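The values are calculated or read from the model by the stated rules, or taken from the named source; none is laboratory data. Here the structure is a predicted model, which means the values were calculated and not measured. So basically every Cβ, Gly included, is an ideal-geometry build from the backbone, and we count neighbours across all protein chains shown. What goes into the accessible areas is simple: the full protein's heavy atoms, side chains included, and nothing from ligands, DNA or RNA. Shrake-Rupley method; radii C 1.70, N 1.55, O 1.52, S 1.80 Å.
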Amino acid sequence: MRYFLSLFFILTAGVFVSAQTISPKFEFRAVWVATVANIDWPSKPGLPTEQQQQEVIDILNMHEKLGMNVIILQVRPTSDAFYPSTLEPWSRYLTGTPGQAPEPFYDPLQFWIEECHKRDMELHAWLNPFRVALNHQQPLAGNHIAFQHPEWILKYGNSLYFDPGLPQTREFAAQVVKDIVSRYDVDAIHFDDYFYPYPLQEDFPDTASFAFYNRGFLPEDKADWRRENVDIIIKMLNDTIKSVKPWVKFGISPFGVWRNIADDPRGSDSRAGATNYDHLYANIIKWQENGWIDYTLPQLYWQIGHPLADFEKLALWWKLHTYDRGMYIGHGVYKSDPVSEVKEWTQPGELPKQIRLLREIPGIDGSAFYSSKHFKRDLMGFQDSLMQDLYRYRALVPPMPWLDYQPPQPVAKFKQRGRTVKWKVRETDFELDEPYRFILYLSEEDEKLNPENPEFIHIILDKHLDKYKFERINQKRKKYEVRISVLDRLNNESWLSPPEIIRL
């Protein structure tokens, strides 16, 4: 019986959400917080712990007010760590000195997770798989893995990279990911577009690893070998994550063009100078199609109507390649500027237009914005558009039925006394069915409740609570119906409770 109930939820949720494009109940609303070169946080290296933590709180308060529900935090920008690790040294971008812990000591990643979860935001831990140093002249910490295994490291341009062609470097990256997933309550592991680096005039120096580990590829097929190297690590990382915590998501944010149609009939109607497949050796749609990742978040940092890479055309192309996995779109909020040389980015309506466009495309379920610091400056009213219109009503991160399709049990008891409601949950031994949060819905007594309309959501409450007291709404003490539902950690929702009548 439970299977049929859950199947009903999956089918009807899609009907309701697609019918209601103005403000969906389920929508991915994320912002990237970059730590490399102190782009977003901390504002500069070496700040005292208290100041670092206050900056975190200020960032999260801002994005909570804007309506975001996911923070994508860069925790491993260059084979370093924003958390205590036995595998990699503390990041130079945190303290100013590679390998030096914050003072007074605290765990930045744990602090971010706790503060995000307080605000009902997910924390997606953003890692770079192969980058070792942006500048090879920057000193590395004395305990860096590069000194133990210099044969793993390649210099390309001015930067240092792990050689993706070595099984050892892929295994090391998997160890780093396993360590994070094992020790922290992260909601997802997230990689961006940097696999093999963007090409320079010189060829990437992986001749030795190709000679030893070519797996039968011929020299003329070296590009396919590189792509397979990335395929291997993607599948390995997904298997690693799911073996530790099956509910932790794995997402990739690729460059916005997979391939141009001039190079592949399956490609997009674009003329990008670089592509995932041909230049970064990342066959992203293969990973989505094979179920090796849980979501794709292409970086469409162009305006609608761009002559070489049109936001609208690319969004419609990516919609064709969801393969029943999550598909969200990245926006280049950093480009919005009244003095931009590109006319569209001087217009206050460009970003709102992009969000509304995505809401009309079935299969695309949300947005992410690069990057956090730009929400502190003049965006020509975009912040107000989010708060007062586009993100006026809060949204839940979309469920992922391929990870868990069964909703949790509804509450066992739900009673009202005065302006307070109390409830009791049902016990379960299955982690994915444990109550994670509660939704209280409120409607006037003679008003028909639509639980798929976020306007009826009064509040979302933490799993540790078992009661809630309403504030008075008006002097006349009108009658309202209040209902409660249970969310699990992947936002599968239980049946609603029968209504309780409350005077507010």
Counting only DSSP beta bridges with both residues in segment 294-444, tell me the antiparallel percent, nearest 5. 40 percent
Cα gyration tensor of segment 221-304 diagonalised, 5x eigenvalues square-rooted, in angstrom largest first, produces semi-axes 25, 16, 9
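If packing is taken as the average count of other Cβ atoms within 10 Å, what order do 326-336, 24-34, 91-101 fall into, highest mean first?
Listed from highest to lowest mean packing, they are 24-34, 326-336, 91-101.
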Net charge near His190 (other residues with Cβ under 14 Å of its Cβ; Lys, Arg +1; Asp, Glu -1) is -3
Kindly report, to the nearest 10 Å², the accessible surface of Glu312 as traced by a 1.4 Å probe over protein heavy atoms only. 70 Å²
Could you work out how much longer the chain between Glu360 and Asn158 gets when fully extended? Use 0.36 nm per residue separation minus the Cα distance between them, nm to one decimal. 68.4 nm
How much length, in nm to one decimal, is gained on full extension between Asp324 and Ala146, taken as 0.36 nm per residue of separation minus their Cα-Cα distance? 60.1 nm
Calculate for the chain the 222 nm mean residue ellipticity that helices alone would give, adding -39,500 (n - 2.57) per DSSP H run of length 4 or more and normalising by residue count, nearest 500 deg cm²/dmol. -8000 deg cm²/dmol
Enumerate the amide H contacts of Leu396 below 5 Å, restricted to partners 5 or more residues apart or on another chain; note that Pro and chain-start residues carry no placed amide H. Phe26, Glu27
Given N residues in segment 209-356, what is its alpha carbon radius of gyration divided by 2.2 N^0.38 Å? 1.19
Relative contact order of segment 152-289, please, whole-number percent, based on alpha carbon pairs below 8 angstrom and at least 6 residues apart. 29 percent
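Which percent, nearest 5, of DSSP beta bridges in the chain are antiparallel?
50 percent
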Once phi is turned into θ = phi - 60°, what whole-Hz ³J(HN,Hα) does the Karplus curve with 6.51, -1.76 and 1.60 give for every residue of segment 63-77, x standing for Gly and Pro? 6, 5, 5, 6, x, 6, 10, 9, 10, 9, 9, 6, 10, 9, x
For segment 304-403, what does the convex hull of the Cα positions come to per residue, in cubic angstrom? 110 Å³
Amide H of Phe369 versus every other amide H placed in the peptide plane: which residues, excluding those fewer than 5 positions away on the same chain, fall under 5 Å? Ala30, Val31, Trp32, His331
Of the beta bridges DSSP finds with both residues in segment 31-166, what % are antiparallel, to the nearest 5? 40 percent
What share of Cα pairs, in percent, lie more than 22 angstrom apart in segment 435-504? 20 percent
Distances longer than 16 Å among the Cα atoms of segment 336-451: what percent of all pairs is that? 76 percent
What length, rounded to one decimal in nm, is gained on full extension from Asp239 through to Asp384, with 0.36 nm per residue of separation minus their alpha-carbon distance? 48.0 nm
Amide H proximity to Arg437 below 5 Å, modelled H, separation 5+ or other chain, gives Leu487
Links that overshoot a 27 Å alpha carbon limit, given the list Lys118/Lys245; Lys118/Lys242; Lys376/Lys463: Lys376/Lys463
What number comes out for the charge environment of Arg359, summing +1 per Lys or Arg and -1 per Asp or Glu over other residues with Cβ under 10 Å away? -2
Per residue of segment 186-195, what does 6.51 cos²θ - 1.76 cosθ + 1.60 with θ = phi - 60° give for ³J(HN,Hα)? Whole Hz please, x for Gly and Pro, Karplus curve as stated. 6, 8, 6, 9, 10, 10, 9, 8, 8, 10
Semi-axes, largest first, in whole Å: what does sqrt of 5 times each Cα gyration tensor eigenvalue give for the chain? 40, 26, 23
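R0 = 30 Å: FRET efficiency of Asp429 with Leu465, Cβ-based, nearest 0.05?
Working: r = 22 Å, r/R0 = 0.73.
Efficiency at R0 = 30 Å is approximately 0.85.
If you average the sequence gap of Cα pairs under 8 Å that are 6 or more apart and divide by the length of the chain, what percent do you get for the contact order?
Computed over the chain, the figure is 14 percent.
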Could you derive backbone 3J(HN,Hα) for segment 396-404 from the dihedral phi with the Karplus parameters 6.51, -1.76 and 1.60 (θ = phi - 60°), listing whole Hz in sequence and x where the residue is Gly or Pro? 9, 4, x, x, 10, x, 6, 8, 6
Sorted from largest down, what three extents in whole angstroms do the Cα atoms of segment 19-159 have along their principal axes? 55, 36, 23
